[in-house]
Amino acid sequence: MPMSDARLDALKETGAVFFIFGATGDLAKRKLYPAFYSLYKEGKLPERFAVVGLARRPKTKEQFRSDLLSSIVEFARYKVDAEDEAWGRFVEHFEYLALDINDVQGFQKLKDVSERLERQFDIKGNRLFYLALAPELFGNVAQNIRQGGLLEGNGWHRLVIEKPFGYDLESAGKLNRQIGEVFREDEIYRIDHYLGKEMVQNIEVVRFANAFFEPLWNNKYIANVQITLAETVGVEERGGYYDHSGAIRDMGQNHMLQMLTMMAMEPPSRLLPEDIRDEKVKVLRSLRVYNNRDEVRANVVRGQYTDGVLRGKPLKAYRAEDSVDPESVTETYFGARLFVDNFRWAGVPFYIRTGKRLPVKTTEVVVEFKNMPENVHLAKRTKLQPNLLVFRVNPLEGIYIKINAKQPGSDSMVIPVAMDFCQSCQVGLNTPEAYERLLYDAARGDSTYFTRWDEVSLAWRFVDGILDAWQEDSKDLGLYPAGAWGPEAMDRLLAADGFHWWPVNGQEESGVLWVKGQE
């Protein structure tokens, strides 16, 4: 029996109680409650389950369930009818408890609520604690979970925590030690929601399930890899948080490096969570660390948006945003040329970029293959373009391949041809949200797409070297107008290697014949 089926059967047989700390917050409203509903609709959540919402705000069970309905109506991918019998069965599994996370007696009361629900739904003692809270609260909550008696008895216990996991390596280590006093490493599930996205997980399948990709997946055939995570929004209401974080902590240390590991990892010996995560860790261990200001300046670009225009709308500068220091040198753009110094990838640059107020919202990975020799017959007649393989993660989902082919109607004219499979364009496709996959995996005990402590620590080791160099000197902070693709220094970095950024987000190149896979 496949592992996923076996774990699903085990979940259905024993059930689980889910504790949502931060139950009135934005994450729970937009992502977690819709995820529960989708899993229930698809039969992935057994009848043996209960969800306890926990927050400081007083609220009755009826008020909580009303808020739950509003959340699902607005954000779930399945429609809901409050008069439907199925909704009535679903909502009966949800309870609410006002809780002061510093009050141990409140956790003891929570234990009583849990035991009542376990008897009601015949749940065998399994408990999942989801901390949708600020990271500085993780350690205290974990201690009170234990002191409240919630880790006693039979069944498994799992802790799911959100990023950011620390502010640097030192703070992350302290946080990890606090949590580790209560939960084992195999009980801790650190969420990076990008690992739950359909096309990020599809990278492994495309690489390892296709014979015409994996043999070419090395420095002999690949010229460079480009990873883009672009946002059109500014800092919005997060100015105070963002001004102490910046793009490298907010996106670089987690999302960007995780996608890099998916692209660069070796095939795992077994399709087991620890084997897959072992290979990701090997990539991070091979990642070249920049330890001084000269290395950082040569390979890393940081920028901050000024006022500008995007789609005809004037936008204010970062330093004019609410709760932002008017003299802030916090980066809203982070880009870098990275190297994975192992046998497979030696010499291949991985270019990454992420930022606020960029022209389009997109997450894409572009693999540029080395071009054909210039002295071959066809290359003498036509300037051949390099082959591309593109993984489109968000908002478009799909795969794009660009090859060279004969122009229709000509004798020997060669033109680039793009074959585009747009998964999210297919009629009737209802792709699961990342949080659905990750919540489902945590409930089944599948840690494949969660980050292990050694992954987190190695990522912070890399980032800390850059942050230390930036702290010494802020003169390399480049400014870019809102609506532009970041500082010009990033384009110059690629140009010095003989490369350029390829169009993203479905932007069609001139002179390319398109074959749409979804039509």
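The values are calculated or read from the model by the stated rules, or taken from the named source; none is laboratory data. Everything numeric in this text was worked out from a predicted model, so none of it was measured. Neighbour counts are summed over all protein chains in view; Cβ atoms, including those assigned to glycine, are modelled from backbone coordinates with ideal geometry. Note: accessible area is taken over every heavy atom of the protein model, side chains too, but ligands, DNA and RNA are not part of it. Shrake-Rupley method; radii C 1.70, N 1.55, O 1.52, S 1.80 Å.
Quick check on my filter: what residues within the stretch 336-358 are in a strand (DSSP E or B) and more than 17 Å from the chain's Cα centre (by Cα)? First the steps, then the outcome.
First, pick out the residues of the stretch 336-358 that are in a strand (DSSP E or B): 336-340, 349-355.
Across the stretch 336-358, the qualifying residues are Ala336, Arg337, Leu338, Phe339, Val340, Pro349, Phe350, Tyr351.
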Using the structure shown, decide if Gly22 is of a type outside the set (D, E, K, R), open to solvent by 10 Å² or more (accessible area, probe 1.4 Å) and touching a Leu at 6+ places or on another chain (Cβ under 6 Å). yes
Subset of the stretch 145-158 (residues that are of a type in the set (A, V, I, L, M) and in contact with a Leu (Cβ under 7 Å, 6 or more places away or on another chain)): Ile145, Leu150
The one condition Leu99 fails out of (1) open to solvent by 30 Å² or more (accessible area, probe 1.4 Å); (2) in contact (Cβ under 8 Å) with a residue 24 or more places away in the chain; (3) farther than 22 Å from Gly153 by Cα; (4) not β-branched (Val, Ile, Thr) is (1)
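For every residue, the table says whether it meets (1) crowded, with 17+ Cβ neighbours inside 10 Å; (2) within 21 Å of Asp100 (Cα to Cα); (3) among the polar types (S, T, N, Q).
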position: Tyr37; (1), (2), (3): yes, no, no
position: Lys44; (1), (2), (3): yes, no, no
position: Arg57; (1), (2), (3): no, yes, no
position: Asp67; (1), (2), (3): yes, yes, no
position: Arg77; (1), (2), (3): no, no, no
position: Glu83; (1), (2), (3): no, no, no
Could you look through the stretch 213-258, keep only residues that are among the charged types (D, E, K, R) and closer than 17 Å to Val456 by Cα, and pick out the one that is nearest to the chain's Cα centre (by Cα)? Asp250
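Look at the stretch 237-247 and say how many of its residues are in contact (Cβ under 8 Å) with a residue 12 or more places away in the chain and surrounded by fewer than 23 Cβ atoms within 10 Å (Cβ to Cβ).
So the first thing to find is which residues in the stretch 237-247 are in contact (Cβ under 8 Å) with a residue 12 or more places away in the chain, and the list is 237, 239-240, 242-247.
Now narrow it down to the ones that are surrounded by fewer than 23 Cβ atoms within 10 Å (Cβ to Cβ): 237, 239-240, 243-246.
The number of residues fulfilling the criteria is 7.
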Go through (1) in a loop (DSSP other than H, G, I, E, B); (2) without any contact (Cβ under 8 Å) to a residue 24 or more places away in the chain for Asp275 and report which single condition fails. (1)
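State whether one or more residues within the stretch 181-199 are farther than 18 Å from Ser447 by Cβ, under 18 Å from the mean Cα position of the chain (by Cα) and either modelled with pLDDT of 90 or more or of a type in the set (A, V, I, L, M) (or both).
yes
Restricted to the stretch 131-153, and to residues that are closer than 15 Å to Phe165 by Cβ and either out of contact with any strand residue (DSSP E or B) (no Cβ under 8 Å at 6 or more places or on another chain) or not hydrophobic (A, V, I, L, M, F, W, C) (or both), which residue is least open to solvent (accessible area, probe 1.4 Å)? Steps first, answer last, please.
To start, the set of residues in the stretch 131-153 that are closer than 15 Å to Phe165 by Cβ comprises 131-139, 141-142.
This time we only want the ones that are either out of contact with any strand residue (DSSP E or B) (no Cβ under 8 Å at 6 or more places or on another chain) or not hydrophobic (A, V, I, L, M, F, W, C) (or both), so: 134-136, 139.
Working: Ala134: 39, Pro135: 27, Glu136: 140, Gly139: 4 Å².
Checked the stretch 131-153; the qualifying residue least open to solvent (accessible area, probe 1.4 Å) is Gly139.
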Expected single match for out of contact with any strand residue (DSSP E or B) (no Cβ under 8 Å at 6 or more places or on another chain), among the β-branched types (Val, Ile, Thr) and not in a helix (DSSP H, G or I) among Val296, Val289, Val301 is Val289
List pairs: first residue in the stretch 498-513 and under 14 Å from Phe369 (Cα atoms), second residue at pLDDT below 90 and in a loop (DSSP other than H, G, I, E, B) anywhere in the structure, Cβ distance under 9 angstrom, at least six positions apart or on different chains. Trp502/Glu509
Looking only at the stretch 260-295, count every residue that is open to solvent by 20 Å² or more (accessible area, probe 1.4 Å), under 21 Å from Phe391 (Cβ atoms) and of a type in the set (A, V, I, L, M) and tell me the total. 1
Here the residues within the stretch 165-174 that are crowded, with 16+ Cβ neighbours inside 10 Å and touching a helix residue (DSSP H, G or I) at 6+ places or on another chain (Cβ under 6 Å) are Phe165, Gly166, Leu169, Ala172
